[in-house]
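The values are calculated or read from the model by the stated rules, or taken from the named source; none is laboratory data. From a predicted model like this one, the values you see are computed outputs, not experimental measurements. Every residue, glycine among them, receives a Cβ derived from its backbone with ideal geometry; neighbour counts consider all protein chains shown. Ligands, DNA and RNA are stripped out before the accessible areas are found, and what is left, the full protein with its side chains, is counted by its heavy atoms. Shrake-Rupley method; radii C 1.70, N 1.55, O 1.52, S 1.80 Å.
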Amino acid sequence: TDIAQTFTAAQRGAIEAVSVAAGDTTKQLDFATANNFAVTLANTASCELQNPSNLTAGQSGSIFVVQDATGSRLLTYGSSWDFAGGTAPTLSTTADAVDRIDYIVRSGTSIHAVATLNLS
């Protein structure tokens, strides 16, 4: 709309579940479907979290990264992911570990992100 909105109740959205299967080497999130995601890693090799589709400047959310019961799963990031300090985080690798990546889309090619590790 073209006028300021005042919300009198919490605005909620679902957390979209995304599985990274054993053979997956890449995974792309669609930012048109959700703001928050739960990405469960079950990959046997390193998987790249590619640049998401449908980026809109100002969109923000969280990505929960969950290790499966085996753990030791690796995740790398596409070129649009810009982490604090210029270095992508090394995720927790213990079985069932949960990390969180909070993000805000700055532009169609830049996503500012910070990670909070070992939340489980």
*Is there a residue being under 19 Å from A113 (Cβ atoms) and of a type in the set (F, W, Y) anywhere in the range 30-53?*
yes
*Residues being open to solvent by 60 Å² or more (accessible area, probe 1.4 Å) and in a loop (DSSP other than H, G, I, E, B) - total across the range 61-71*: 2
*asked:* Can you tell me which condition T90 does not meet? The list is (1) β-branched (V, I, T); (2) open to solvent by 70 Å² or more (accessible area, probe 1.4 Å); (3) closer than 21 Å to E16 by Cβ, and all the others hold.
replied: (3)
*Test result for G58, surrounded by fewer than 17 Cβ atoms within 10 Å (Cβ to Cβ), modelled with pLDDT under 95, touching a strand residue (DSSP E or B) at 6+ places or on another chain (Cβ under 7 Å) and not in a strand (DSSP E or B)*: yes
*When you scan the range 72-96, how many residues do you find that are part of a loop (DSSP other than H, G, I, E, B), of a type in the set (V, I, T) and out of contact with any Gly (no Cβ under 8 Å at 6 or more places or on another chain)?*
2
_Testing D24 on (1) more than 20 Å from V114 (Cα to Cα); (2) within 13 Å of the chain's Cα centre (by Cα), one condition comes back false. Which one is that?_
(2)
_Quick check on N43: is it crowded, with 18+ Cβ neighbours inside 10 Å and modelled with pLDDT of 95 or more?_
yes
*Name the residues in the range 61-85 that are at pLDDT below 95 and of a type in the set (A, V, I, L, M), would you?*
A84
*In the range 1-16, how many residues are in contact with a strand residue (DSSP E or B) (Cβ under 7 Å, 6 or more places away or on another chain) and open to solvent by less than 90 Å² (accessible area, probe 1.4 Å)?*
2
_Residue under question is S19, and the condition is that it be touching a strand residue (DSSP E or B) at 6+ places or on another chain (Cβ under 7 Å), part of a strand (DSSP E or B) and open to solvent by less than 40 Å² (accessible area, probe 1.4 Å); does it hold?_
no
*Within the set of pairs 6 or more residues apart or between chains, which connect a residue that is under 19 Å from F64 (Cα atoms) and free of Cβ contacts under 8 Å to residues at least 60 places away in the same chain inside the range 7-25 to a residue that is in a loop (DSSP other than H, G, I, E, B) and among the β-branched types (V, I, T) with Cβ atoms less than 7 Å apart?*
E16/T33; A22/T44
_Residue list for the range 72-87, restricted to those being open to solvent by less than 50 Å² (accessible area, probe 1.4 Å), closer than 16 Å to C47 by Cβ and not aromatic (F, W, Y)_ = R73, L75, G78
